[in-house]
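The structure appears below as structure tokens.
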Amino acid sequence: MARLFQLQENCLRLMGHNMESSGEGSPSLGLRHVVSLVFVLSAEYPMLSYVVYNRDDMELITACLSVAFTNLVTVTKIWTFLAYKRSFFQMMQSFRQLDSKSQHGTEGYGYVEHGNKLATLLGRAYCLSCGFTGLYFMLGPIIKIVTNNWRGVPYDRELPMPMKFPFNDVESPGYEIGFIYTLFVTIFVVLYASAVDGLFISFAINLRAHFQALQQNINLLAFEQEEQLVEKQMADVVDYHVQLLSLSRQLRHIYTPIVFGQFFITSLEVGVIIYQIVTGLRVGVAVQTSNWHSATHKQRRSLIFIMHRSQREVLIKAGFYEASLANFLAILRAAMSFITLIQSIE
């Protein structure tokens, strides 16, 4: 259990907090998050400039939009943490108190212990994956520059992210300035994404484990005992259940903006990817609008083969799922139906 709490404290430290001083609501801490929010949001300008600059190259545009959407997700996470900072700290304290109480008086504490080990493992793995992803983007251009220079091959300088600045970002010192700016943006994005998502992993899995412990406690109720003892056990079960429901509502409340932003922006990213796939169907149109009538008989046969092949969609498959426009729309409809169902139950 101590490892889970250490993971939560590490997530706070990534954002410049500690458990001793974070709960006081220091103005300097709030200002720090506001500066972080503005700084990460400022990265949208060079990305949109890159889109405008390469407006005739749809491949570069879609690649840049995918990064810009990911950056907006981080903006949503920073804003949410800034708005619900006190709620985050209260939840962490509540889980600590609940664990201390259930550890001594809950028969199903084994579920909590197992769930917390899983949360610690997944939280660390997620934070490491975010860190390695950011490192990959930052080291890519450097490795390319070093290897091409070593081989004596001419090359164009590239920034870690698709950005276009209002100054010459290809030659020195503009390139170095753009690279350092991108480096700090990447660090901020990685830190906040790791911290906020790491906290969600620990909260969600810990809460699920407590619900399993509650179920175990209910199953072990011995109603054949004295009525006074049974009533005390029932009171403990009801109190335990009320605390878990309160934590569930609090978790839903503070993560609703993040979940909505993640779903909406990820949907846009999927849409961009699907657009790239769908453009493959336009190969047949390109053949029809070409000067095919000037080709030889053998060449026309090759063009016909290209047209037939272009009618088959190029799909990204993940097991039983295919990333197609029809499936994407089906997911949206299913998600809206699920949201409506939840609202009707509430």
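The values are calculated or read from the model by the stated rules, or taken from the named source; none is laboratory data. If you're wondering where the values come from, they're calculated on a predicted model, not measured in any experiment. Positions of Cβ are generated from backbone atoms using ideal geometry, with glycine treated the same way; all protein chains shown enter the neighbour counts.
Of all residue pairs spaced 6 or more apart or on separate chains, those with beta-carbon atoms under 9 Å, a first member in the stretch 220-246 that is closer than 14 Å to H210 by Cα and a second member that is modelled with pLDDT under 80 and assigned to a loop (DSSP other than H, G, I, E, B) are D236/T106; V237/L221; Y240/T106. Of F95, F88, F39, which residue is in contact with a helix residue (DSSP H, G or I) (Cβ under 7 Å, 6 or more places away or on another chain), among the hydrophobic types (A, V, I, L, M, F, W, C) and within 17 Å of V190 (Cβ to Cβ)? Only one candidate qualifies: F39.
Consider the stretch 162-214. How many of its residues are of a type in the set (S, T, N, Q) and buried (at least 19 other Cβ atoms within 10 Å of the Cβ)?
Within the stretch 162-214, the first condition is being of a type in the set (S, T, N, Q), and the residues that meet it are 168, 172, 182, 186, 194, 202, 206, 212.
Right, trim to buried (at least 19 other Cβ atoms within 10 Å of the Cβ) and you get 182, 186, 194, 202, 206.
Number of matching residues: 5.
The helices (runs of 4 or more DSSP H) found entirely in the stretch 1-83 that carry 2 or more residues being at pLDDT 85 or above are 27-42, 44-53, 58-83. Is there a residue in the stretch 256-269 that is surrounded by fewer than 15 Cβ atoms within 10 Å (Cβ to Cβ), modelled with pLDDT under 65 and outside any loop (DSSP other than H, G, I, E, B)? For the stretch 256-269, residues surrounded by fewer than 15 Cβ atoms within 10 Å (Cβ to Cβ), modelled with pLDDT under 65 and outside any loop (DSSP other than H, G, I, E, B): absent. Among the residues of the stretch 139-165, those identified as out of contact with any Phe, Trp or Tyr (no Cβ under 7 Å at 6 or more places or on another chain) and part of a loop (DSSP other than H, G, I, E, B) are G152, V153, P154, Y155, D156, E158, F165.
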